[in-house]
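One structure is given below, encoded as structure tokens.
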Amino acid sequence: MNYLEKNVKKYSKKEMASYLDSTNLKPDATFEEIEKLCSDALKYQMKGVCVNPVYIPYVADRLADTKVLPIAVVGFPLGSNLSLAKAFEAKEAVTQGALEIDMVMNIGGLIDKKYDLVFEDIKAVVEASSQFPVKVILETCLLSHDQIAIATALAHAAGANFVKTSTGFSKKGATEEHVKLMRKIAPDSMGIKASGGIRSLEDASKMIEAGATRIGTSAAVEILKEISI
């Protein structure tokens with residue numbers, strides 16, 4: 001008996017798809033690949049399609065009048081952009097059709113304990129995104145447990161709707177341990193997005209069991225194909 005059979009709730013394709021943000025953030029992504037991302041997301045009715053901002057006009061048009069959300073990343077993947085630039089990027093993304101924003105936090109600022117700077121950075125993006133949800137990417141692999149807890153609290157205080165583990169471009173992606181910690185610190189009203197290195201049904205299921213309410217993955221179709229119903 002494998003891990004899924006012993007330890008994890010069984011999900012239908014529809015249930016699992018409702019957690020998935022299908023993602024292609026590669027610098028060499030092509031419009032053909034982005035089209036396939038959208039087509040697959042529509043076929044399986046995934047939660048969202050997460051792309052770099054340059055693709056948002058196309059993705060927003062492709063997903064118009066559907067339940068699949070166009071999602072743009074901001075300050076990606078380093079988070080060390082000026083807050084003014086992040087806010088502008090977020091505002092332009094929602095103007096062009098993004099319905100959610102995934103921003104990278106000022107990671108160095110948090111490590112330096114410049115908490116006001118981190119707070120204002122997140123707040124600027126939240127305000128620029130108007131009524132649209134903002135997820136704050138912490139890049140948890142670069143942070144201690146205390147830093148993850150502080151970052152989660154700052155994101156909530158600044159008005160963000162989610163905290164997210166990872167960009168997928170750093171040393172490591174999501175871990176159950178970090179998701180559980182974020183879930184412990186975040187209020188129930190705040191979402192937790194696990195992303196980075198989630199490539200199988202077992203990976204996704206473990207993250208959901210740990211407290212994730214959204215899964216970011218470039219292997220969404222492969223995960224759903226593991227489910228028979």
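Descriptive notes on the structure:
- Verdict on residue 152 being of a type outside the set (A, V, I, L, M), farther than 26 Å from residue 26 by Cβ and touching a residue at least 24 places away in the same chain (Cβ under 8 Å): yes
- Wholly enclosed helices (runs of 4 or more DSSP H) of the range 74-171 bearing at least 1 residues among the aromatic types (Phe, Trp, Tyr): 83-95, 115-128
- The lone criterion from (1) hydrophobic (A, V, I, L, M, F, W, C); (2) in contact with a Ser or Thr (Cβ under 8 Å, 6 or more places away or on another chain); (3) more than 19 Å from residue 100 (Cβ to Cβ) left unmet by residue 201 is number (2).
- Every pair of residues 6+ apart whose Cβ atoms lie under 9 Å, when the first sits in the range 37-62 and is among the acidic types (Asp, Glu) while the second is surrounded by fewer than 24 Cβ atoms within 10 Å (Cβ to Cβ): 40/221; 40/224; 61/97
- Subset of the range 37-66 (residues that are farther than 17 Å from residue 19 by Cα, open to solvent by less than 40 Å² (accessible area, probe 1.4 Å) and in contact with a Gly (Cβ under 8 Å, 6 or more places away or on another chain)): 56, 59, 60
- Residues being touching a Lys or Arg at 6+ places or on another chain (Cβ under 6 Å) and closer than 17 Å to residue 141 by Cβ - total across the range 196-211: 1
- Qualifying residue in the range 176-195 (condition: in a loop (DSSP other than H, G, I, E, B), open to solvent by 50 Å² or more (accessible area, probe 1.4 Å) and either touching a residue at least 12 places away in the same chain (Cβ under 8 Å) or β-branched (Val, Ile, Thr) (or both)): no
- On the stretch given as the range 67-95, residues that are of a type in the set (S, T, N, Q) and surrounded by fewer than 17 Cβ atoms within 10 Å (Cβ to Cβ) total 2.
- Residue list for the range 209-226, filter: under 24 Å from residue 156 (Cα atoms) and open to solvent by 20 Å² or more (accessible area, probe 1.4 Å): 209, 213
- Lone unmet requirement of (1) within 23 Å of residue 188 (Cα to Cα); (2) in contact with a helix residue (DSSP H, G or I) (Cβ under 7 Å, 6 or more places away or on another chain); (3) among the hydrophobic types (A, V, I, L, M, F, W, C) for residue 137: (2)
- Some residue of the range 26-34 being in a helix (DSSP H, G or I) and either among the aromatic types (Phe, Trp, Tyr) or modelled with pLDDT under 95 (or both): yes
The values are calculated or read from the model by the stated rules, or taken from the named source; none is laboratory data. Just so it is clear, the model here is predicted, and its values are computed rather than measured. All Cβ positions, even for glycine, are placed from backbone atoms using ideal geometry, and neighbour counts span all protein chains on display. The area values use the complete protein model at the heavy-atom level, side chains included, leaving out ligands, DNA and RNA. Shrake-Rupley method; radii C 1.70, N 1.55, O 1.52, S 1.80 Å.
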